[in-house]
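Right, one structure below, let's go through it.
Every number in this text was worked out from the coordinates using simple rules, so none of it is lab data. Since this is a predicted model, take the numbers as computed values, not measurements. Cβ placement follows ideal geometry from the backbone for every residue including glycine, while neighbour counts extend to all protein chains displayed.
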């Protein structure tokens, strides 16, 4: 049967009660941005629903933890719901990890356009435009520590376009969209379409990246359903602050001043293409040559970090550098590696250990006993292969710094 065109906006993981994190330091004006960015990004989601003349907004969990959220945050959300209610836009909310239905305070009544799905069973609602039913919306809230049971989702028996809303699903990978025409999923910070046929299953991701691992644009998803019942998705960026990584490569002949100039020029280019979105930038330096030994947090990397932060100033959009790292392997020249000195011994030993994967790196015995805080034991653990590589690189660089004048 023919389907009436439907337009939906899908969002999840708003986490209105949680500010951005992952910066060791930030200027005051940036701190305010980090605090308010989740609310401002969420407001853009609601703006999108209005601008797109959406029939409904689908919220797939982790909107806010009402038990921790301030009255300001709860009032903000109620105000956004009311904006949609005035325009006749329905809201379908499936609870996630932090927002089970019973966490919402009973004293704060939700507007009539908001439907919160129950825990433990899939509930079905008609989505109407005037007198016509344009879609069936089904949903379930996450049951505590267990995953969502997707077995209750099923396509409408009368052939009407069917939407599912849930915080994740128990269905196997590649099967997430088999039960309905569009499965609106939450529980991931980054957007991803995980199934295309016979139905679409999509994670909208968070409207605002929360930490350095959330690289790139964040936003919500507009879902357009045509007369044939085919759903197409379109990403809309809503983030106020964007985590961004820039890689700069250098050759053996580069010096500190040349590297500083290159980073400044690249920073200006980043600002030029930021399109008004504030940037939080991590610089990854990759190359070869003697300068690698200088690129340490307590050396040239730290100096470049301070220079970039100063160069950025207060010009808008803000482009704040929060990290400058170089994970390139330090390759000592033959005259260092072959010399019969403490430095030569250190560099040869580091080379042997990092090339021997069977070598067990146990640093726990080097810590003082007893530890003033047991949690400090984690500093002696190398949990990943990358951490192991970084540790040996840092040891070689530090040895050169301590035992030579030029570093």
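Subtracting the Cα-Cα distance of residue 286 and residue 270 from 0.36 nm times their residue separation leaves 3.9 nm of extension gain.
Against the chain, whose longest principal axis comes from its Cα atoms, helix 385-403 is set at around 30 degrees. Overall dimensions of region 240-328, expressed as equivalent-ellipsoid semi-axes from the Cα gyration tensor (√(5λ), whole Å, largest first), are 23, 12, 11. Counting neighbouring Cβ atoms within 10 Å and putting the fewest first, the residues 183, 353 line up as 353, 183. Taking only Cα atoms, what is the 0 to 90° angle, nearest 10, from helix 256-272's long axis to the longest principal axis of the chain? Long axis of 256-272 versus the principal axis of the chain: about 10 degrees. Debye-formula intensities of region 319-371, expressed as log10 I(q)/I(0) at q = 0.13, 0.17, 0.22, 0.28 Å⁻¹, are -0.57, -0.80, -0.93, -1.07 (one equal scatterer per alpha-carbon, no solvent). Sorted largest first, the principal axis extents computed over the alpha-carbon atoms of region 154-240 equal 45, 28, 16 Å. Between the Cα long axis of helix 28-51 and the first principal axis of the chain there is an angle of about 30°, rounded to the nearest 10. By other beta-carbon atoms within 10 Å, ranking 334, 311 with the fewest at the front produces 334, 311. Among beta bridges identified by DSSP and lying wholly in the chain, the antiparallel ones come to about 35 percent. For volume of the Cα convex hull per residue in Å³, the candidate list reads (i) 120; (ii) 324; (iii) 191; the entry that matches the value derived from this model is (iii). The Rg/Rh ratio of region 30-82, with Rg taken over Cα atoms and Rh as the Kirkwood radius over Cα pairs, comes to 0.99. Based on the alpha-carbon gyration tensor of region 1-111 and its eigenvalue square roots a ≥ b ≥ c, which shape applies: rounded if a/c is under 1.5, prolate if not and a/b is larger than b/c, or oblate? Because a/c hits 1.5 or more and a/b exceeds b/c, region 1-111 counts as prolate. The alpha carbon gyration tensor of region 72-190 gives principal lengths a ≥ b ≥ c with a/c of 1.5 or higher and a/b no greater than b/c, which makes the shape oblate. With Cα atoms as the point set, the radius of gyration and Dmax of region 6-237 evaluate to 16.8, 58 Å. Taking the centroid of alpha carbons for each part, region 288-312 and region 93-149 are 51 Å apart. Taking a ≥ b ≥ c as the square roots of the eigenvalues of the alpha carbon gyration tensor, region 101-169 is oblate, as a/c is not under 1.5 and a/b does not beat b/c.
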